[in-house]
Amino acid sequence: MPLKLYDTMARKKRPFIPADPRRVTMYVCGPTVYNFSHVGNFRPVVVFDLLFRLLRRLYGEDAVLYAANVTDVDDKINAKAAEEGVEISVITERYLAAYNADAAALGALPPTAQPRATQTMDAITAMIGRLVQNGAAYAAEGHVLFNTQAFGDYGKLSGRPLDEMIAGARVDVAPYKQNPADFVLWKPSKPGEPEWPSPWGPGRPGWHIECSAMIEQELGLPIDIHGGGIDLVFPHHENELAQGMCADHPEAYARYWLHNGFLNMADEKMSKSIGNVALAHDLLKTQPGEVIRWALLGAHYRQPLAWTDDALNQARNALDHLYGVLGRARHVEAGGSAALAEEQLAPLMDDLNTPAAMAELKRLASDLDAAVRKGAPNASALKQDMMALAGVMGFLQAEPQVWFQGGADEGLKTQIDALVAARDAARVAKDWSEADRIRAELTALNVEVMDGPAGATWRIPTLKTGEQA
Ligand SMILES: [Zn+2]
């Protein structure tokens, strides 16, 4: 059963066959680091992390090269640096660190490379030089522009005919452009803004050339998979493709183009609604990263995703259930299975069908729960399969105990542990009134005690989203 991926260029699902299975390459457009990122910007992070994990499983952990860039020079970064009166690197370091911390909290593995625009200037100017040499770019008034007439297939990826784009671009066309659809490869910086040397004068690169040069430098062209949000198809990816093909890579640029759909914020008017907390950074203060990851993967990646309190509540409930099963199966040693039969992986192999894969994960959990209850011998194999599928999807990465007690700080945990132990002792001594008194004290701390054969365990039930204090 081969992996099938929907290719935006082909407009259909195609079996994924890498050019070299020992070196599978993927590039995904990353953030411009001038602020905390919107939760919608983390949808591609989580979707392509899932694909990265699946490819690592199929081809081997060391066989997959995944580069995700960082745009660390840009008008918005310049504006923010000017506002704070600091170098742009102060801004970009701060928000790149925050971005990477948020991505890690959402269970995203670090990409194998995270190139930055400011560290790729030589490759960028070299690529522009080749485009000029090949007649696909021209210098004018301190700018270098890509000549869209030089690439016969311009518009093929997005399905927009060039004359239509020209008609749409008639307003305010810069006078140095030969054709209205031509786009900037290099431009002069404004006074006081950072600039780099180039054969066409000091300045900085346009956004599109950054990605093409990084791909060439980090992975080599053509790559197997190019990914990003659906809003990047035009103009960003159309322009990347044109540049790459005209810069001495006429055979191909990316062999598969993958795009994720939009995340639509809920139009929830309640001030306490978390469905309209826009920044992942803020959302992570009240929600475990796995809950947000589950909600982000809750719809098929190509579909629009409605971001609501309900989606987050459902994610929390689903994970609470899975962790509950795992807690009850904590004495079962995983093993005795090849880990993941074809049928268990089948939903992901079909263009990353995450809703179906989540259903499969829940089915494995129900079967495991039943096997544990009955003491059935297949519990080990079921646990192994469940953990293997969860691992490919980036779920169940915490210990069940930690999952349920994650909201408590160390001091509170020590206090609760002591109370639970005192209550256990009172119960052993059959001092029921003392046991009840302690239970009431625990309830007052919002702690739920669960008595089991191996002694009592406890958890702090989650505050339901939308009703936080
Ligand atoms: Zn890009």
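Could you tell me the relative contact order of the stretch 349-405? Use alpha-carbon pairs under 8 Å, at least six residues apart, and round to a whole percent.
The normalised contact order for the stretch 349-405 reaches 27 percent.
Taking 0.36 nm per residue of separation and subtracting the Cα-Cα distance, what length does fully extending Asp231 through Phe36 add?
68.2 nm
Using alpha carbon centroids, what distance separates the stretch 61-125 and the stretch 328-365, in Å?
34 Å
What is the log10 of I(q)/I(0) for the stretch 116-269, computed with the Debye formula using one identical point scatterer on each Cα and no solvent, at q = 0.19 Å⁻¹?
Evaluating at q = 0.19 Å⁻¹ gives log10 I(q)/I(0) of -1.22.
Tell me, what is the FRET efficiency for Asn317 and Asp282 to the nearest 0.05, using R0 = 25 angstrom and their Cβ-Cβ distance as r?
With a Förster radius of 25 Å, E is 0.70.
Suppose the Debye formula is applied to equal point scatterers at every Cα of the chain; what is log10 I(q)/I(0) at q = 0.06, 0.09 Å⁻¹?
-0.34, -0.70
Neighbouring Cβ atoms within 10 Å as the yardstick, rank Ile460, Ile91 fewest first.
Fewest-to-most Cβ neighbours within 10 Å comes out as Ile460, Ile91.
Could you tell me how many degrees, from 0 to 90 and to the nearest 10, lie between the Cα long axis of helix 207-218 and the main elongation axis, the longest principal axis, of the Cα atoms of the chain?
70 degrees
Check which residues have an amide H placed less than 5 Å from Asn260's amide H, if you skip close sequence neighbours.
Correct list: Gly228, Gly229, Ile230.
Between Leu412 and Glu343, what is the spin-label point distance in nm, taking each point 7 Å from the Cα along the Cα→C-beta axis?
Roughly 4.3 nm, to one decimal.
Once each part is reduced to its C-alpha centroid, what is the distance from the stretch 388-423 to the stretch 135-162 in angstrom?
Distance between centres, Cα-based: 56 Å.
Nearest 10 degrees, 0 to 90: what angle lies between the long axis of helix 42-59 and the longest principal axis of the chain (Cα atoms)?
80 degrees
Take the Cα radius of gyration of the stretch 57-102 and divide it by 2.2 N^0.38 Å, with N its residue count; two decimals is plenty.
Computed over Cα atoms of the stretch 57-102, the ratio equals 1.65.
Once the piece of chain linking Arg22 and Asn134 is laid out straight, how much longer is it, given 0.36 nm per residue of separation minus the C-alpha distance between them?
37.0 nm
Please list, ordered by chain and number, the residues whose modelled amide H lies under 5 Å from the amide H of Thr71; skip anything fewer than 5 residues away on the same chain.
Thr32, Val33
Can you return the lysines within cross-link range of Lys80? Criterion is Cα-Cα under 21 Å, with same-chain partners fewer than 8 residues away left out.
Partners found: Lys187, Lys190.
For the stretch 392-400, take each phi angle, set θ = phi - 60°, evaluate the Karplus expression 6.51 cos²θ - 1.76 cosθ + 1.60, and give the result in whole Hz per residue in order, putting x for glycine and proline.
5, 8, x, 10, 6, 8, 10, 6, x
Any idea what angle helix 75-84 forms with the longest principal axis of the chain, computed on alpha-carbon atoms, 0 to 90 degrees, nearest 10?
It works out to around 70 degrees.
In terms of modelled amide H atoms, which long-range or inter-chain residues lie less than 5 Å from the amide H of Ala140?
Amide H neighbours of Ala140: Leu145.
Could you work out how far apart the two model spin labels at Thr112 and Gln303 are, taking each label as a point 7 Å from the Cα in the direction of the beta carbon, and quote it in nm?
About 3.3 nm separates the two model spin labels.
Across the stretch 25-35, in residue order, what do the Karplus-derived ³J(HN,Hα) couplings come to in whole Hz, using 6.51 cos²θ - 1.76 cosθ + 1.60 with θ = phi - 60° and x for Gly and Pro?
Along the stretch 25-35, the couplings run 10, 9, 10, 10, 5, x, x, 9, 9, 10, 6 Hz.
Show me, for the stretch 369-375, the HN-Hα J-couplings you get by feeding each phi into the Karplus relation (A = 6.51, B = -1.76, C = 1.60, θ = phi - 60°), rounded to Hz, glycine and proline as x.
Result, ordered by residue: 4, 5, 5, 5, 4, 8, x Hz.
Given Cα pairs under 8 Å that are at least 6 residues apart, what percent is the relative contact order of the chain?
16 percent
Could the peptides 42-54, 204-216 be put in order, highest first, of the mean number of other beta-carbon atoms found within 10 Å of their residues?
Result, highest mean Cβ count within 10 Å first: 204-216, 42-54.
Between Asp122 and Asp431, what FRET efficiency comes out of the Förster formula 1/(1 + (r/R0)^6) with R0 = 51 Å and r the beta carbon distance, rounded to 0.05?
Details: r = 76 Å, r/R0 = 1.50.
Approximately 0.10, to the nearest 0.05.
Here, each number is a calculation from the coordinates, and none is a lab measurement. Quick caveat, the model's predicted, so the values are computed rather than measured. Using ideal geometry, Cβ is built from the backbone for each residue, glycine included, and neighbour counts are taken over all protein chains shown.
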